[in-house]
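The values are calculated or read from the model by the stated rules, or taken from the named source; none is laboratory data. Since the model is a prediction, treat every value here as computed from it, not as a measurement. So basically every Cβ, Gly included, is an ideal-geometry build from the backbone, and we count neighbours across all protein chains shown. Just so you know, the surface numbers come from the protein's heavy atoms only, side chains and all, with ligands and any DNA or RNA stripped out. Shrake-Rupley method; radii C 1.70, N 1.55, O 1.52, S 1.80 Å.
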Amino acid sequence: MARLQSTQQLRQLKERIVAEKPADRRAIAVCAGTGCKAFGSFELVEAFRAELEKQGLDKEVELRPTGCHGFCERGPLVLLFPEGRLYQRVKTDDVPEIVEKTIKGGEVIERLLYEEPGTGKKFEKEEDIPFYKHQHRLVLRSNGLINPSSIEDYIAIGGYEALGRAFEMGPDAVLGEVKGANLRGRGGGGFPAGTKWELCKKQPGDLKYIICNADEGDPGAFMDRSIVEGNPHAVIEGMVIGAFTMGAREGYVYIRQEYPLALERLNKALDEARQRGLLGEDILGSGFGFDIKVNRGGGAFVCGEESALIRSIEGRRGVPRRRPPYPAQKGLWGKPTNINNVETWATVPLIVAKGAKWFTGIGTEKSKGTKIFSLVGKVNNTGLVEIPMGMSLREIVYDIGGGIPGGKKFKAVQTGGPSGGCLPASKLDLSVDFDTLIAEGAMMGSGGMIVMDESTCMVDLAKYFVQFLRSESCGNCTSCRDGLDWMHSLLQQVCAGEGTMELLDQIEQIAETVRVSSLCALGSTAANPVLSTIKHFRDEYEAHVEQGRCPAKVCKSLITYTIDADKCTGCLVCAKRCPESTIEGEKKKPHRIIQDGCIKCGVCLDVCKFDAVHVE
C-alpha cells in the first residue's frame, strides 16, 4: 500500500478508485454492524459471496459489508445499488432469490420491502421510507455506503480531503472555521468545541494530547459505537485535523471493552491510515506528525467524565477530580489535553470541507448542525436517527419513529441517558436542542432517547436509573455516594406502597442536594430522573403513597394477578408455565391463582391467549 506524499497524490488516488468503482456499478451493501450481526448478517454476507461466485457474478457485482444503516428494528438490511432499493429482515434463505430475481432479473421481491405499519404501504427506495425521509444524515451518511474496513472506500467518497484542506488553510484558519460553526460537544455537555480547542492551542509547551471519548455507557445508547463500526476513518480524520490545529503530536481513543467489533475496525483503520501516510510522521508531506493509540476502558460509567477518563488512561483508578485546572490546561500526564467524543470528531471533517457557513445553516440559533440519537423503547421504529437540531420530539417519535406500538398512548420520553430527564406528552412539541432541553429539566446528553408508553411506571423508572447510577458512582464524594443510595432506598419504599407525602418531600430535598453538591457531572445530573418525574408525574407518586396503587400496574407490591372465570377456557397453559405452581384448576374449567404463593412474575399474563388474566 503506497504512502501518500501530498494532497495531490491523495486526489489522484481518489480519481483512480472512482474510475475503478463507478457510481452506477452494481453492488450489494449488507449491514454488518453489531445490531444486524446479532440477526445473522455476517452469515448473510458469506451467503451472498458464495451465491455470487456460484452464479459467476463475483467480479461483476461488488459485495460490501457496511456499518449500521440505523434502521435496527428491521435488520438485517440489504441495500442494492445503483437503484437504492432496500430489502429488510433478509435471511440467508432469501439470498439465491435476490441474486436470481433482483440482481440478474431486475425484479422487486415484494415481501422483502418495508411495509408501513397501519397503512400497509410498501416502499422500494431507502430514501422514501419515513424513517429515513425525515432525517438529515450527515455523520451517518456513509454508514450504508462504504466498507469500514477499506480506506479506499472512504477516500472514494472524499475521505481525508478535509485534512488536505486543513493543511492548506493553516491552524488558525481551521480554528476559525470550527469556532464559526459553533460546533458544540456531542458527548453531553454541549460546550463549544472551538473554545476548548483554542484554550488547548494557547497553552505553552511542545507536548499536548488529544483524546477521543468512545466510552459510551448509557443504557440503550449505541451512537458512538455505530460511528466507529461504520466509518472509523471519519473519526481519525477529525482527530488529525484537531491535532494539527492545536499542535498535538499524540492522541488516544478511549473505547470501552464491550465494543469488540468497533475496536477491530478502528485498529484496522489506524493501520491503513499509517500505511497510507495519513498517520505518523510527515502526514501528506506537510511536515506535521501525529499518531493515535487505543486505550480499552473497563466499562465504568464514570470514566465517560473527562478527568476520570484521563486518570484511567494513566493507569490509575478512574475517579473525577476538581476543576480547574481543566484538561486543556493540565490534562493527561499533566500536559494540555483536548477531549471530544466520537460524534464531535466525526463532524469536524464536514465543517472543514464545507465551511462554517454551511454548518450554521442547519439547526437553531444556538444549536447548530445535526445530532444522532439512539431511539429506543416503546416506539415502532427503533434505531439510530440523525436529525437537524430544532426538530420537535413529536416529529422524532411519530414521523421517524412511527409512533407507539399496539395503539398505546405516548407517556414520556427520556433524553440524555440515565442522567437525563423525562418529558411528558405535553412537551411533545418541544424543540430538541441543547438549551431547550436543559431548561425543561432534561438534557441532550450523548444522545439516548427512550420512549415510554402508558405501561411504564415513572416511579419504577426513576428507581431503575438511580439504581444504575448508584452502582456506577465512583464513591469519591459523599453527596453522590450516599445521596444516591438514600434516594434508591426511599424510592423502593414508594414502589412498595410504604411511602408517605413527607417521604416524597424528603426525596426531592436529597435529589436537590445531590445535584448542587456533587463533584462531577455524573452526580450533579443523577437527580434528573427523580426531579423530572416528580415534576411531571407527581400524580403517580401520590397514587403510590396515598392510594397504595401503581397506575401503570408495574410495582409488584401494589398489584394482584387474577383470572377471569368467564374468559378462562381451562387450557392449562398458564398452570404449566407458572414457576411457583400457584395456579390451580381442572382441564376445561376456570382456573384461579393462589395469591399467597404468587410472585407476580407475569408469565400467566404473557402466555394467556384468551385475555383471561388481569392485573389489578
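Points worth noting:
- Candidates in the stretch 398-427 are the residues that are hydrophobic (A, V, I, L, M, F, W, C) and open to solvent by 10 Å² or more (accessible area, probe 1.4 Å); of these, the one that is nearest to the chain's Cα centre (by Cα) is Ile404.
- Arg317 within 26 Å of Leu278 (Cα to Cα), under 27 Å from the mean Cα position of the chain (by Cα) and at pLDDT below 95: no
- Candidates Val30, Val90, filtered to the one that is in a strand (DSSP E or B), open to solvent by less than 30 Å² (accessible area, probe 1.4 Å), of a type outside the set (D, E, K, R) and under 22 Å from Glu116 (Cα atoms): Val30
- Criterion: part of a loop (DSSP other than H, G, I, E, B) and open to solvent by less than 50 Å² (accessible area, probe 1.4 Å) - qualifying residue of Pro320, Pro325, Pro349: Pro320
- Ser517 modelled with pLDDT under 90 and over 21 Å from Leu393 (Cα atoms): no
- The helices (runs of 4 or more DSSP H) falling completely within the stretch 486-586 that include 3 or more residues that are touching a residue at least 60 places away in the same chain (Cβ under 8 Å) and touching a strand residue (DSSP E or B) at 6+ places or on another chain (Cβ under 6 Å) map to 528-536.
- Selected residue (only one of Met389, Met458, Met444 is in contact with a Leu (Cβ under 7 Å, 6 or more places away or on another chain) and in contact (Cβ under 8 Å) with a residue 40 or more places away in the chain): Met444
- Subset of the stretch 69-87 (residues that are open to solvent by 10 Å² or more (accessible area, probe 1.4 Å) and either among the polar types (S, T, N, Q) or in a loop (DSSP other than H, G, I, E, B) (or both)): Pro82, Glu83, Gly84
- In the stretch 121-139, the count of residues that are polar (S, T, N, Q) and in contact with a Cys (Cβ under 9 Å, 6 or more places away or on another chain) is zero.
- Members of the stretch 41-53 found to be open to solvent by 20 Å² or more (accessible area, probe 1.4 Å) and among the small types (Gly, Ala, Ser), listed by number: Ala47, Ala50
- Of all residues in the stretch 41-54, none that is over 12 Å from Ile28 (Cβ atoms) has its Cβ atom under 9 Å from the Cβ atom of a residue that is surrounded by fewer than 21 Cβ atoms within 10 Å (Cβ to Cβ) and aromatic (Phe, Trp, Tyr), 6 or more apart or on another chain.
- Within the stretch 273-296, the set of residues being in a helix (DSSP H, G or I), open to solvent by 20 Å² or more (accessible area, probe 1.4 Å) and small (Gly, Ala, Ser) comprises just one member, Gly285.
- The stretch 107-124, residues that are open to solvent by 70 Å² or more (accessible area, probe 1.4 Å) and in a strand (DSSP E or B): Glu115, Lys122
- Subset of the stretch 368-397 that is modelled with pLDDT under 95 and among the hydroxyl-bearing types (Ser, Thr, Tyr) - its residue that is most open to solvent (accessible area, probe 1.4 Å): Thr382
- Test: residue in the stretch 333-351 that is closer than 24 Å to Ile438 by Cα, out of contact with any helix residue (DSSP H, G or I) (no Cβ under 8 Å at 6 or more places or on another chain) and not hydroxyl-bearing (Ser, Thr, Tyr): no
- Qualifying residue in the stretch 474-487 (condition: under 24 Å from the mean Cα position of the chain (by Cα) and either farther than 20 Å from Glu542 by Cα or among the hydroxyl-bearing types (Ser, Thr, Tyr) (or both)): yes
- Lone qualifier among Val61, Val18 - being crowded, with 16+ Cβ neighbours inside 10 Å, β-branched (Val, Ile, Thr) and on the phi < 0 side of the Ramachandran plot: Val61
- Any hit, the stretch 453-464, residues being more than 30 Å from Leu605 (Cα to Cα) and basic (Lys, Arg): no
- Lone unmet requirement of (1) touching a residue at least 60 places away in the same chain (Cβ under 8 Å); (2) in a helix (DSSP H, G or I) for Gly299: (2)
- Condition met for Val451 (open to solvent by less than 20 Å² (accessible area, probe 1.4 Å) and at pLDDT 95 or above): yes
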